[in-house]
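Since every read-out is calculated from the coordinates, none of them should be taken as a lab result. Since we're looking at a predicted model, the values are computed, not measured. Here Cβ is always computed from backbone atoms with ideal geometry, including for glycine, and neighbour counts include all displayed protein chains.
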Amino acid sequence: YNLIEKFSSRLPEIILIGIIESQEELDNIPIYILKEKINNNIMILVENSEKKVIEPDIIIKIFEESKLDIINFFYLEELSKVNKLLTKKFEDEMIKLYSLYNKENLLIFLQKHNNYNIEESIKICEVNNCYKELVYLLNKIGENKNALILIIDKLNDPEYAIKFVNKINDKELWDFLLDYSMDKPDFIRILLITASKFIYDPIPIINRIPNNIEINGLNNLLIDIIYNNELELFINQLIFKIISKEVISIFEK
C-alpha cells in the first residue's frame, strides 16, 4: 500500500521481519540461505523502487548507514534484473558488493556492463584479491604486461597465460612471457607443449631454458617438437611441389 516511504527510517528492522531476531545473526547465516529467506522482503523494496515510491539512492544510503551492505547487494542485484536503468549509476557500488559477496559472478558483471569507473574497479579488485577480474580490467586499459604478470604470479596458470598472449597477438608480449616465466618449470613445460602444436616457434623457448631448471618429461617433449618440425617441413615441401607445378602450368599457358 505504498507505506514504505513513511517508514523508510525503519527499513533495517522491516526488511528483517520474519527472518532473524537481530542484525548480529546475519554473520552466521550462509549467503545463499539468507537470500532465500529474505527474497520476498527484498522484492518489496524492488517493487516500491519501480513504482518510484522510494528512490534507490535512499534505500542504499539507509542500509549503508546501518552496516547492512549485504541487503544492498541483494536489492541491487534484483533491481537490475527488473530494470537495468535504475541501477546504471550504481555499477561502482555493485562491483564492490560483488567482490565481497559473489566473486564468482563479478567477471560476468564487468563484461556485461560499462558504466563503471575502471580505475576504482581496479582498486576494489586489488583489495579483494579478484585476480581474473583484474586481468580483464588491465587488459581493457591496455596494461597487458601487468595483466600477464598477475596470471603468472597470482593465478599460476600457464595455459591461461598462453591463451591471453595468443589473443593479444603481440610478439613483444610473447617474448615477455618467455623471459618472465623461465624460473617456473610448469610454465616452460606447457610453453613447449604449445609450441610443439605449431602455435609458436619452439627455438626461442628452448634457447631461454636455464641450465639449472629441471622439467618433467623434457626429453619426450623435445622429441615431439623435432618430430613435428620434421613433419611440418615435409608437408611444406609437398605443398611447394604442388604450387610449383600449378605455377609452371599457368606460366606455360
| Whole-percent pair-distance distribution, where bins are 10 Å wide, for the alpha carbons of segment 53-92 | 31, 60, 9
| request: Find how much the distance from LYS140 to ASN169 grows on full extension, using 0.36 nm per residue of separation minus their present alpha carbon separation; answer in nm with one decimal. | output: 8.9 nm
| request: Starting from one equal scatterer on each C-alpha and no solvent at all, send me the Debye-based log10 I(q)/I(0) for segment 135-187 at q = 0.22, 0.31, 0.32 Å⁻¹, two decimals. | output: -0.74, -1.45, -1.51
| So for the chain, taking the charge dipole from beta-carbon charges (+1 Lys/Arg, -1 Asp/Glu), which of LEU79, ILE60, ASN102 sits furthest toward the positive end? | LEU79
| How much mean residue ellipticity at 222 nm does the chain get from its helices, if each DSSP H run of length 4 or more adds -39500 (n - 2.57) and you divide by all residues, to the nearest 500 deg cm²/dmol? | -21000 deg cm²/dmol
| said: Would you calculate the convex hull of the Cα atoms in the chain and tell me its volume per residue in Å³? | reply: 208
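Can you tell me what the convex hull of the Cα atoms of segment 42-145 projects to on average, as an area in nm²?
On the way: hull surface 25.6 nm².
It is 6.4 nm².
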| query | Once the Cα atoms of helix 158-168 and of the chain are each reduced to a long axis, what angle between those two axes, in degrees from 0 to 90 to the nearest 10, is obtained? | reply | 90
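Among the listed pairs LYS67/LYS145; LYS51/LYS96; LYS6/LYS123, give every one whose C-alpha distance is greater than 29 Å. It would help to have the intermediate numbers written out before the result.
Numbers: LYS67/LYS145 38 Å; LYS51/LYS96 26 Å; LYS6/LYS123 38 Å.
Long pairs (Cα-Cα over 29 Å): LYS67/LYS145; LYS6/LYS123.
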| field | segment 106-253: mean projected area of Cα convex hull, nm² | value | 13.1
| Whole-Å semi-axes of segment 78-129's equivalent ellipsoid, largest first, each the root of 5 times a Cα gyration tensor eigenvalue? | 18, 12, 9
| query | Could you state the principal axis extents of the C-alpha atoms in segment 1-89, from the largest down, to the nearest angstrom? | reply | 33, 26, 23
| query | Over what distance in Å are the Cα centres of segment 38-117 and segment 119-167 separated? | reply | 26
